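Comments concern the structure below.
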Amino acid sequence: MQHHFSIATEKDIPELDKLVNSAYRGDSSKIGWTTEADLLDGIRTDKTALTKMIRQPHSIILKCTNEKNQLAGCVYLQKQDEKMYLGMLTVSPYLQAKGIGKKLLTAGEIYAKEQGCSAVLMTVITLRHELVQWYIRRGYKDTSERKPFPDNPAFGIPKQQLEFLLMEKAI
């Protein structure tokens, strides 16, 4: 199946909102392997947050669509000096384990190189062991730096104590 990558615009926000929340939280997320539903209640994002991400300087949401122009996934990219922060890597729970996540990750890394970045950074919840290993297999390294999970319901409501680990890949 062919996939097309393009920069999301504000007209994509309703569809992005539905995709991201379906992949990370609630019953629909449990279909895929990237769910956070066992760790967090609440939503993963909302239309206001997505609008802010798209409007923020040096930031984009890269979307992945199939040949029918249906949204299959997305990733948030924000240039921070000479590094690119990569977040919200999302694949529809109905399309996971088909290589779309790898393609999105690669597209994000290519975009980072095009923007003159030397590395890609990301944060991953430390308890997401399978996901951490997935990134390690793709060349990301645990920097040993840890960050607290935000105390803000807009990011979700933790069911237990959570923290992020910072991962990095030189590109």
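Averaging the Cα positions of each part gives two centres, and for region 108-171 and region 89-106 these lie 16 Å apart.
In plain terms, the residue of Met1, Met122 with the fewest other Cβ atoms within 10 Å comes first and the most crowded comes last, giving Met1, Met122. Amide H contacts of Leu127: Glu163, each under 5 Å away and 5 or more positions distant or on a separate chain (H built 1.01 Å from N in the peptide plane; Pro and chain starts excluded). Beta bridges per DSSP, both residues in the chain: antiparallel share near 90 percent. Once you mark the GluC sites (Glu not before Pro) that are in a DSSP loop and have at most 12 other Cβ atoms within 10 Å, what is the longest gap between them in the chain? It works out to 83-171.
Close amide H partners of Leu89, meaning residues 5 or more places away or on another chain with modelled amide H under 5 Å apart, are Tyr76. Counting only DSSP H runs of at least 4 residues, each contributing -39500 (n - 2.57), and dividing by the residue count of the chain, the helix-based mean residue ellipticity at 222 nm comes to -8500 deg cm²/dmol.
Sequence-ordered 3J(HN,Hα) estimates for region 90-106 from the Karplus curve with 6.51, -1.76 and 1.60 and θ = phi - 60° stand at 10, 10, 3, x, 7, 10, 5, 6, 10, x, 5, x, 4, 5, 5, 4, 4 Hz, glycine and proline given as x. Basic side chains Lys and Arg get +1 at the Cβ, acidic Asp and Glu get -1 at the Cβ, and with that the dipole of the chain about its Cα centre reaches some 320 debye.
Every number here is computed from the coordinates shown, using simple stated rules; none is lab data. Just so we're clear, the structure is a prediction, and the values are computed from it rather than from any experiment. Here the Cβ is made from the backbone with ideal geometry for all residues, glycine too, and neighbour counts use every protein chain on show.
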